[in-house]
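Undergrad: This structure is in structure tokens; I'll ask about it shortly.
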Amino acid sequence: MKKVLVTGGSGLVGKALEAIIKEQAPSDEQWYFAGSKDADLTNLAATQTLFQREQPTHVIHLAAMVGGLFHNMNNNLDFLRNNLLINDHVLQTAHEQGCVKVVSCLSTCIFPDKTSYPIDETMVHNGPPHPSNYGYSYAKRLIDVQNHAYHDKYGRQYTSVIPCNIFGPHDNYKPEVSHVIPGMINRMHKLINEEPELPESEKVFTVFGSGKPLRQFIYSLDLAELMIWVLRNYESVEPIILSVDEAQEVTIYEVAEAIAKAFNFKGKLVCDTSKADGQFKKTASNAKLRSLLPNYTFTDFEKAIKTSVDWYKDNYDQARK
Ligand code: NAP
Ligand code: GDP
């Protein structure tokens, strides 16, 4: 019997994993989804108590201080310290308690800023990250270093996945924290619902920055399926990029258009170039994933955006906003 502990189980990816696992319900696996109410993982004793209580054999480690461009720019020290603490506590406690596998989450935004494209798994440590999110990036990069060190010293199979930008139901919509998709969903919903006397065609939605940066976006339910596959089938300490194809990269302006279409928003979209663009692109290759899982079909972007917008409208009261 496998006992899988998911840290960060109450977040965007954790909720997607829970939804997939509920459907699959394998008889030889038990899953526990822990949020910060179960344990503050910046606290070592609380981390140890959680592991002692749940007795996991396997861990999917999602818990992290997470946020979009603007949250990172203002809080690099907190991103660095909180994530260093959480990651060290989870990995060392998993090791001490004999967990056979840990799958942790890196991100394509931790790759070097100055690089060749497409980026691949061998390039994580090749140069400084973008200055906007160096705290988060260095803390995440050290997970890979630590995984190798547990392997060298103890033969542990602790590994990591590198997702591109993620979106879906249960995202974090708080304006000061959010990534671009939940941030835009929250702002467009507000714009549509405020000043009902103003015709919608006269309303103006602001895209922060130039709208030109490029991003690859993976739907959280797709990522959850792929992470479960990694947990069960991927036997290497080396990280693996979990991303849509390079051809599926979109501009930030196209993201705004897709969200507007999902809301059936009739107003105008304008770019505010006084706001930061962040990294221009971080195009990642999913060739390693494709070599192992050639037939995986990602959910269509516009369809997944529509589902995510509808989820937000239907669950407005309970959404993190
Ligand atoms: P999220 O929705 O913000 O969820 C974060 C999770 O971490 C929540 O369950 C939260 O618990 C938990 N957490 C935060 N601080 C904690 C602490 N001190 N102790 C215990 N738990 C804590 O984030 P997500 O988007 O699902 O991200 C999951 C993973 O994917 C992260 O490792 C992130 O770095 C990575 N990632 C995310 C993206 C993206 O676009 N979102 C892209 C690439 C990689 P509570 O909510 O209960 O407080
Ligand atoms: P990143 O992919 O790590 O840079 O983080 P984000 O998900 O925050 O995406 C940032 C990009 O989206 C930048 O080019 C921003 O200028 C742009 N953007 C446009 N509107 C928004 C918004 O409402 N929130 C956020 N976070 N970014 C936005």
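Undergrad: Pull out a ≥ b ≥ c, the square roots of the eigenvalues of the alpha-carbon gyration tensor of the stretch 240-321, then state rounded if a/c is under 1.5, prolate if not and a/b is larger than b/c, and oblate in the remaining case.
TA: oblate
Undergrad: Could you pull out every residue, at least 5 positions away or on a different chain, whose amide H is within less than 5 Å of the one on PHE111? Hs are placed 1.01 Å off N in the peptide plane, and Pro or chain starts have none.
TA: HN-HN under 5 Å from PHE111: empty list.
Undergrad: Treat every Asp and Glu Cβ in the stretch 1-74 as -1 and every Lys and Arg Cβ as +1, leave all other atoms uncharged, and give the resulting dipole magnitude about the Cα centre to the nearest 20 debye. Can you show the working numbers first?
TA: Numbers: 6 positive and 7 negative charges, 13 e Å.
Dipole magnitude for the stretch 1-74 comes out near 60 debye.
Undergrad: Also: Classify the stretch 58-133 as rounded, prolate or oblate, taking a ≥ b ≥ c as the square roots of the eigenvalues of its Cα gyration tensor: rounded when a/c is under 1.5, otherwise prolate if a/b is larger than b/c and oblate if not.
TA: Details: a/c = 2.63, a/b = 1.44, b/c = 1.82.
Oblate, since a/c reaches 1.5 and b/c is not below a/b.
Undergrad: Could you give each residue of the stretch 183-197 its phi-based ³J(HN,Hα) in whole Hz, using Karplus coefficients 6.51, -1.76, 1.60 with θ = phi - 60°, and x for Gly or Pro?
TA: With coefficients 6.51, -1.76 and 1.60, one gets x, 5, 4, 4, 6, 6, 4, 5, 4, 5, 8, 8, 6, x, 6 Hz.
Undergrad: Here is a follow-up. Would you mind getting me the FRET efficiency between GLU18 and VAL270? Use the beta-carbon distance for r and R0 = 45 Å, nearest 0.05.
TA: With a Förster radius of 45 Å, E is 0.75.
Undergrad: Given H placed 1.01 Å from N in the peptide plane, which residues other than close sequence neighbours of ASN165 have an amide H under 5 Å from its amide H?
TA: Result for ASN165 returns GLN216, ILE218.
Undergrad: For the stretch 34-155, give the magnitude of the charge dipole about the Cα centre (Cβ charges: +1 Lys/Arg, -1 Asp/Glu; no others), in debye to the nearest 20.
TA: 60 debye
Undergrad: Give, in nm to one decimal, the length gained when the segment between GLN92 and TRP229 is fully stretched (0.36 nm per residue of separation minus the Cα-Cα distance).
TA: 46.9 nm
Undergrad: Looking at the stretch 1-155, what % of its DSSP beta bridges pair antiparallel, to the nearest 5?
TA: Approximately 5 percent, going by the DSSP bridge assignments.
Undergrad: Could you go through the stretch 303-311 in sequence order and give the Karplus-derived ³J(HN,Hα) for each residue, using 6.51 cos²θ - 1.76 cosθ + 1.60 with θ = phi - 60°, rounded to whole Hz, and x for Gly and Pro?
TA: For the stretch 303-311, the Karplus curve yields 5, 5, 5, 4, 4, 5, 5, 5, 4 Hz.
Undergrad: Another question, if that's okay. What is the magnitude of the charge dipole of the stretch 144-270 about its Cα centre, with +1 placed on the Cβ of each Lys and Arg, -1 on the Cβ of each Asp and Glu, and no other charges, expressed in debye to the nearest 20?
TA: Values: 12 positive and 18 negative charges, 39 e Å.
Result for the stretch 144-270 is approximately 180 debye, rounded to the nearest 20.
Undergrad: A further question follows. Using θ = phi - 60° and the Karplus curve 6.51 cos²θ - 1.76 cosθ + 1.60, what whole-Hz ³J(HN,Hα) does each residue of the stretch 85-101 get, with Gly and Pro shown as x?
TA: These are the phi-based 3J(HN,Hα) values: 5, 4, 5, 5, 5, 5, 5, 5, 5, 4, 4, 4, 8, x, 4, 7, 8 Hz.
Undergrad: A follow-up question, please. Report the equivalent ellipsoid semi-axes for the stretch 1-42 in whole Å, largest first, defined as the square roots of five times the eigenvalues of the gyration tensor built from alpha carbon atoms.
TA: Values for the stretch 1-42, descending: 20, 13, 6 Å.
Undergrad: For a quick protection proxy, order the peptides 147-154, 293-300, 38-45 by their average other-Cβ count within 10 Å, most packed first. Don't skip to the answer; put the middle values down first.
TA: On the way: 147-154: 14.2, 293-300: 11.9, 38-45: 17.0.
The most tightly packed comes first, giving 38-45, 147-154, 293-300.
Undergrad: Another question, then. Pulled fully out, how much extra length does the chain show between THR206 and ALA25, if you take 0.36 nm times their separation in residues and subtract their Cα-Cα distance? Can you show the working numbers first?
TA: Numbers: separation 181, 0.36 × 181 = 65.16 nm, distance 4.30 nm.
Stretched fully, the THR206-ALA25 segment lengthens by 60.9 nm.
Undergrad: Amide H of VAL59: which non-local residues (sequence gap of 5 or more, or other chain) have their own amide H closer than 5 Å, using H built in the peptide plane?
TA: LEU5, LYS101, VAL102, VAL103
Undergrad: Now a separate question. Counting each DSSP H run of 4 or more residues in the chain as -39500 (n - 2.57), what helix-only mean residue ellipticity at 222 nm follows after dividing by all residues, to the nearest 500 deg cm²/dmol?
TA: -13000 deg cm²/dmol
Undergrad: Return the single residue from VAL230, VAL161, VAL204 with maximal mean-square fluctuation; model: Gaussian network over the chain, springs between Cα atoms under 10 Å.
TA: Highest fluctuation among the options: VAL204.
Undergrad: Put +1 on the Cβ of each Lys and Arg and -1 on the Cβ of each Asp and Glu in the chain; which of LEU106, LEU12, PRO294 then has its Cα farthest toward the positive end of the dipole?
TA: Of the listed residues, the answer is LEU106.
Undergrad: Follow-up question, since we're still on this one. Of all DSSP beta bridges located in the chain, what percent are antiparallel, nearest 5? Let's see the in-between values first.
TA: On the way: 3 of 35 bridges.
Around 10 percent antiparallel, to the nearest 5.
Undergrad: Rounded to the nearest 0.05, what FRET efficiency do GLU238 and TYR296 have when you use their Cβ-Cβ distance and R0 = 30 Å?
TA: About 0.95, to the nearest 0.05.
Undergrad: Okay, next question. Pull up the DSSP beta bridges for the stretch 146-280 and report the antiparallel fraction as a percent, rounded to 5.
TA: The antiparallel proportion sits near 15 percent.
Read-outs throughout are calculated quantities, based only on the coordinates presented, and are distinct from any laboratory measurement. From a predicted model like this one, the values you see are computed outputs, not experimental measurements. Heads up, the Cβs are rebuilt from the backbone with ideal geometry, glycines too, and the neighbour counts pull from every protein chain shown.
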